[in-house]
Amino acid sequence: MQLVVARIGRAHGIKGEVTVEVRTDEPELRLGPGAVLETEPASAGPLTIETGRVHSGRLLLRFEGVKDRTGAEALRNILLIAEVDPTELPEEEDEYYDHQLMDLDVVLEDGTEIGRITEISHLPSQDLFIVERPDGTEVMIPFVEEIVAEIDLEEQRCVITPPPGLIDDRAEIASARDAEAGTDADADAEAEAEAGAGEA
């Protein structure tokens with residue numbers, strides 16, 4: 001099966017290097033020198049990685065046949081696609097490929113439905129699940145063990161234990177606060193009225 005492993009960003013320098021937004025947990029395996037990748041749009045590829053290095057925390061790649069900045073700029077926003085055996089598993093235990101996690105049902109420990117994973121965002125600090133809720137809105141769930149309690153591929157579900165505020169309806173919380181504030185204001189007004197009556 002084909003998986004998107006990176007998106008090409010800006011040109012870097014004048015020798016054909018480009019920055020890439022990594023979308024795989026195994027960049028050393030998928031984006032190493034010699035790797036041949038399909039592209040989206042398909043007309044831009046296939047591309048063969050010639051060199052790769054990390055600079056200021058970002059992965060820089062150079063592709064065969066791309067020797068200058070003009071050629072590198074022409075590749076901007078192209079998606080890089082690797083062919084992956086669907087039965088293949090990550091080398092590390094408790095790691096997953098994106099395609100294994102897509103469309104998992106996200107639920108709380110008590111079974112309350114939260115939504116469905118529609119996208120995995122790989123950030124430098126952590127990975128995020130983009131979860132579509134039943135009402136069509138989206139919520140972002142950090143893929144960390146403190147929040148993601150269980151991944152059950154057989155049952156196709158992800159059990160989470162979110163901290164307060166992560167998936168709560170903020171509008172409801174705000175309106176509850178406003179109501180409390182209003183109650184306090186009413187009490188203050190009543191106290192002032194009573195004080196005024198006593199003075200008269």
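The values are calculated or read from the model by the stated rules, or taken from the named source; none is laboratory data. In this text the structure is predicted, and so the values were computed from the model without any measurement. All Cβ positions, even for glycine, are placed from backbone atoms using ideal geometry, and neighbour counts span all protein chains on display. For accessibility, only protein heavy atoms count, side chains too; no ligands or nucleic acids. Shrake-Rupley method; radii C 1.70, N 1.55, O 1.52, S 1.80 Å.
Structure data summary
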item	result
Scope the stretch 123-134; condition surrounded by fewer than 18 Cβ atoms within 10 Å (Cβ to Cβ) and of a type outside the set (Asp, Glu); matching residues	Leu123, Pro124, Ser125, Gln126, Leu128, Ile130, Arg133, Pro134
Test result for Arg76, in a loop (DSSP other than H, G, I, E, B), more than 18 Å from the chain's Cα centre (by Cα) and modelled with pLDDT of 90 or more	yes
Every residue from the stretch 28-62 that is open to solvent by less than 70 Å² (accessible area, probe 1.4 Å), within 12 Å of Ala6 (Cβ to Cβ) and touching a residue at least 40 places away in the same chain (Cβ under 8 Å)	Arg30, Leu31, Ala35, Leu37, Thr39, Leu59, Leu60, Leu61
Matching residues in the stretch 1-38 - criterion: being among the β-branched types (Val, Ile, Thr) and either more than 16 Å from Lys67 (Cα to Cα) or part of a strand (DSSP E or B) (or both)	Val4, Val5, Ile8, Val18, Thr19, Val20, Val22, Thr24, Val36
Boolean, Ile49 is assigned to a loop (DSSP other than H, G, I, E, B) and modelled with pLDDT of 90 or more	no
Residue within the stretch 4-15 that is among the small types (Gly, Ala, Ser), touching a residue at least 40 places away in the same chain (Cβ under 8 Å), surrounded by fewer than 18 Cβ atoms within 10 Å (Cβ to Cβ) and more than 24 Å from Met102 (Cβ to Cβ) present	yes
